[in-house]
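Undergrad: My questions will all concern the structure given below.
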Amino acid sequence: MIDAVEITTIANGLRVVSETMPRLQTASLGVWIDVGARYEAPEVNGVAHMLEHMAFKGTRRRSARAIAEEIERVGGSLNAYTSREHTAYYARILADDIGLAADILADILQHSTFDPAELEKERHVVLQEIGQVKDTPDDLVFDLLQDASYPDQPMGRAILGPESIVAEMPRKALVDYMARHYGPKRMVFAGAGKLEHGYLVELAERLFGELPAAEGQSAQPARYSGGQRLEHRPDLEQVHLCLAVEGLPYHHPDHFALQVLSTALGGGMSSRLFQEARENRGLCYSIFSFASAYADTGQLGVYAGTDPADVPELLKVVADETRALIDAPDEEELARARAQLKASLLMGLESCSAVSEELARQLLCFNRRVPVEEIVAKIDAVDTAGVRRLGQELLEAGAVTLAAVGPLTDLPEVDLGT
């Protein structure tokens, strides 16, 4: 019996997608919602993340402790996350406990009470989470990069929100946000592992069939501008840097060319940046590139941590290696990058958690299950000419963004040779 993907839309518009993986004894299932931090008004920045926390803090039938005890009584686990465009609530369980996990997920998404006492406690938990980010400069620098890239707009704001807003976040903001956005047409109920699609559809109809409609609102279009952000931290030994240019949205035809470019630039130990910045010059311990993609924008960037005195040289290395790769990409290095991307994709298919998340993400982003063979073919189709053309377009198109956290008082200008 081979793995099989099935998709069903129930009467209220909720999509149910599953992939049967009969060789397993476990399953992963969850609800992914097409809404995240970029859908927030500025005065409630952080509400999407706070709501994700509060959903686990008690329903009409279960206390917060009962939710945790019920799922752990059968050896399962519950979790959730908030991104800029999506929110997810998911469970990992043994195959016999799918019904219980689905019931708990449906309960927290429809019958959470947002008890005021629990809200006050969880407010402090989220404030501690914000404090943890501030104490983790290699996380904080990415928030600064986002703010510099997309200033004064939802796409640039921190997912956790600022302390001043979280400290005063009213219960009504959570209730209103859920009522406005958590509708069945914006949700995907996804599962993977040892399960039957028909059973998931039955659970969805019974547990989510009465979910009220909530069309929500469109996200404000992203406006990339570029710029600089520096947080002076004399208590740190290193400077944590992020350098980026605007990338591509995930539906762009050059999406996989950008992934190959990024991987060749700084995606592994054989990449140009790792070899030149770390192995040849000893400028840093950690350096890598990334290509993030959203519905209408994206970023191609590099992260590195280095000594303050080495910042100018490191930035020059990044600029030189980026330009050299784009001017003359080598087929052998692109072949390694393509192999890394394909291996990561195929290895992920061995995890039911990763499969369920990918199923949901593809339906939210593309409204279909994208076959693995199609993705592999697009990766294999990336050639040196495509990487060169795309790289030149990205570097010539717009501004550079630079963000840093550490013992620096000013940031140098960066020239990518455009």
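The values are calculated or read from the model by the stated rules, or taken from the named source; none is laboratory data. None of the values given here were measured: they were computed from a predicted structure. Methodologically, a virtual Cβ is constructed for each residue, glycine included, from the backbone with ideal geometry; neighbour enumeration extends over all protein chains shown. Each accessible area value is taken on the protein alone, full model and side chains, heavy atoms only, with ligands, DNA and RNA left out. Shrake-Rupley method; radii C 1.70, N 1.55, O 1.52, S 1.80 Å.
Undergrad: Tell me the label only: which of [x] 24, 57, 18, 2; [y] 27, 59, 14, 0; [z] 25, 54, 21, 0 is P(r) over Cα pairs in 20 Å bins from 0, in percent as calculated from this structure?
TA: [z]
Undergrad: Pairing the Cα long axis of helix 255-266 with the longest principal axis of the chain, what angle in degrees results, from 0 to 90 and rounded to the nearest 10?
TA: Compared with the principal axis, the helix lies near 60 degrees.
Undergrad: Shifting gears a bit: For the Cα atoms of the chain, what angle does the longest principal axis make with the long axis of helix 64-73, in degrees from 0 to 90, nearest 10?
TA: That works out to roughly 90 degrees.
Undergrad: Counting only protein heavy atoms, what percent of the accessible surface of the range 1-146 is carbon or sulfur at a 1.4 Å probe?
TA: Heavy-atom surface of the range 1-146 belonging to carbon and sulfur, 1.4 Å probe: 50 percent.
Undergrad: Using Cα-Cα distances under 8 Å and only pairs 6 or more residues apart, what relative contact order does the chain have, in percent?
TA: This gives 22 percent for the chain.
Undergrad: Between beta-carbons, use under 11 Å as the cut-off and find the net charge around Leu203, counting Lys and Arg +1, Asp and Glu -1.
TA: -3
Undergrad: Something else about it: How high is the relative contact order of the range 71-118, in percent, counting Cα pairs under 8 Å that sit 6 or more residues apart?
TA: Value for the range 71-118: 28 percent.
Undergrad: Moving to a separate point now. Note the angle between two axes, namely the Cα long axis of helix 171-181 and the longest principal axis of the Cα atoms of the chain, as a number of degrees from 0 to 90, rounded to the nearest 10.
TA: 90
Undergrad: Run down the lysines and flag those whose C-alpha is under 17 Å from the C-alpha of Lys121, throwing out any fewer than 8 positions away in its chain.
TA: Lys57, Lys172
Undergrad: How big is the gap, in Å, between the Cα center of the range 65-102 and the Cα center of the range 135-179?
TA: 25
Undergrad: Only Cα pairs under 8 Å and at least 6 apart count here; give the relative contact order of the range 157-313 as a rounded whole percent.
TA: Contact order relative to length: 21 percent.
Undergrad: Taking the alpha-carbon distance from Lys378 and a cut-off under 23 Å, which lysines remain once sequence neighbours fewer than 8 residues away in the same chain are dropped?
TA: Within the straight-line limit of under 23 Å, Lys378 reaches these lysines: Lys342.
Undergrad: What does the net charge come to around Leu395 if you take all other residues with beta carbon closer than 12 Å to its beta carbon, with K and R at +1 and D and E at -1?
TA: -2
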